[in-house]
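The values are calculated or read from the model by the stated rules, or taken from the named source; none is laboratory data. Nothing here was measured: the structure is a model prediction, and the numbers come from that model. Areas reflect the complete protein model, heavy atoms only, side chains present, ligands, DNA and RNA absent. Shrake-Rupley method; radii C 1.70, N 1.55, O 1.52, S 1.80 Å.
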Amino acid sequence: MSRENVLKVENVTMQFGGVVAVDNMNLEVDKGEIVSLIGPNGAGKTTAFNVITGVYAPTNGAVYFKGNKIIQNHPQGKMKKLYQGENPVMYTGHHALVPTPDKITGMGIARTFQNIRLFKSQTVFENILIAKHMLRTSNIFTATFRLNAKEEAKMRAESEELLRLMELEDVRNELASSLPYGKQRHLEIARALATKPELLLLDEPAAGMNPQETLELTQFIGRIRDEFGLTIFMIEHHMDLVMEISDRIYVLDFGKPIAEGTPEEIRSNPRVIEAYLGGAQDE
């Protein structure tokens, strides 16, 4: 069966001053996969997500979505002298591509955050409807004269349907801040789904959850992948969740990829074991 590439990260380095947070990263995520990115704290995982979603412009490298280059940069200004990564001249001579997060979302890439970022003073329904407005075609004129009534009605209906699918109907009118932690995580994912992504990035979705909530989240992620036809790229520290649900896993250590493979391959990889547990100690 042929593989259809959705996300490709090519030679990406993210350097802050003299600190290299991501060091020449290369990875691919294929259509329909659930791929996890793991590594010790401070390994550069969230930084990689921030590059892919336009929060940071990479110091060097490129990102492709569905075969199209959407991000590209190379060392510029003072960074030409400070740069410590590989391939410093590979992308010179090309125009920088540094779209903002809203542009990335409009392309079909949505994400959640390690620390939940809901509109806390808005209701559950309003959180989803606000995300739906990313897809609107109306402008100030059509909105002022209510010429967008059909579009608004459609977005509200789609938001109601998403509430039903995400099993959030019973808290529809509750403030987002009043929800239990697990429900807030579900709402954040539902809000991301409201933008109709093809690729969903989940940054530590099980953070702060107890074992039962983590088990339910594992089933939930698998279900939304199938029901929405999603490709999912996930950062996670809960190894039970990662090993249960991932098709493939990439491992980062000090910003540099050190391993890639199936859960079985990663579980027994000596470099991964050393990265998590440290090398043998001298007696």
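Collect residues whose amide H, placed 1.01 Å from N in the peptide plane, falls under 5 Å from the amide H of PHE113; neighbours closer than 5 in sequence don't count.
ASP203
Gain in length, HIS133 to GLU158, computed as 0.36 nm per residue apart minus the alpha-carbon separation, to one decimal in nm?
7.9 nm
Amide H of ILE70 versus every other amide H placed in the peptide plane: which residues, excluding those fewer than 5 positions away on the same chain, fall under 5 Å?
Here VAL63, TYR64, PHE65 satisfy the definition.
Rounded to a whole number, what % of the accessible area of the range 153-283 do carbon and sulfur atoms account for, probe 1.4 Å?
The nonpolar share, carbon plus sulfur, comes to 50 percent.
Stretch ARG117-ALA96 to full length: gain in nm at 0.36 nm per residue minus the Cα-Cα span? Could the numbers behind the result be given before it?
Details: separation 21, 0.36 × 21 = 7.56 nm, distance 2.93 nm.
Stretched fully, the ARG117-ALA96 segment lengthens by 4.6 nm.
Hey, what do the phi angles of the range 57-64 turn into as Karplus ³J(HN,Hα) couplings, whole Hz, using 6.51/-1.76/1.60 and θ = phi - 60°, x for Gly and Pro?
Ordered by residue, 3J(HN,Hα) equals 7, x, 5, 7, x, 9, 10, 10 Hz.
Note down the relative contact order for the chain as a percent, whole number, built from C-alpha pairs under 8 angstrom at least six residues apart.
So the answer I get is 25 percent.
Collect residues whose amide H, placed 1.01 Å from N in the peptide plane, falls under 5 Å from the amide H of GLU86; neighbours closer than 5 in sequence don't count.
ASN24
From the cross-link list LYS183/LYS256; LYS45/LYS150; LYS66/LYS154; LYS132/LYS183, which pairs have alpha carbons spaced over 30 Å apart? Can you show the working numbers first?
Working: LYS183/LYS256 34 Å; LYS45/LYS150 41 Å; LYS66/LYS154 28 Å; LYS132/LYS183 19 Å.
Checking Cα-Cα distances, LYS183/LYS256; LYS45/LYS150 exceed 30 Å.
From the phi of every residue in the range 203-217, what ³J(HN,Hα) in whole Hz does the Karplus formula 6.51 cos²θ - 1.76 cosθ + 1.60 yield, where θ is phi - 60° and glycine or proline is x?
For the range 203-217, the Karplus-derived couplings read 9, 6, x, 9, 4, x, 8, 7, x, 5, 5, 5, 4, 5, 5 Hz, x marking Gly and Pro.
Which three semi-axes in whole Å describe the equivalent ellipsoid of the range 117-240, each the square root of 5 times a Cα gyration tensor eigenvalue, listed largest first?
Taking √(5λ) for each eigenvalue gives 28, 16, 12 Å, largest first.
Just to check I understand the Karplus step: with θ = phi - 60° and J = 6.51 cos²θ - 1.76 cosθ + 1.60, what whole-Hz values come out for the range 150-162, glycine and proline as x?
The phi angles translate into 5, 5, 5, 4, 5, 5, 5, 5, 5, 5, 4, 5, 5 Hz.
Of all DSSP beta bridges located in the chain, what percent are antiparallel, nearest 5?
Here the antiparallel bridges make up roughly 60 percent for the chain.
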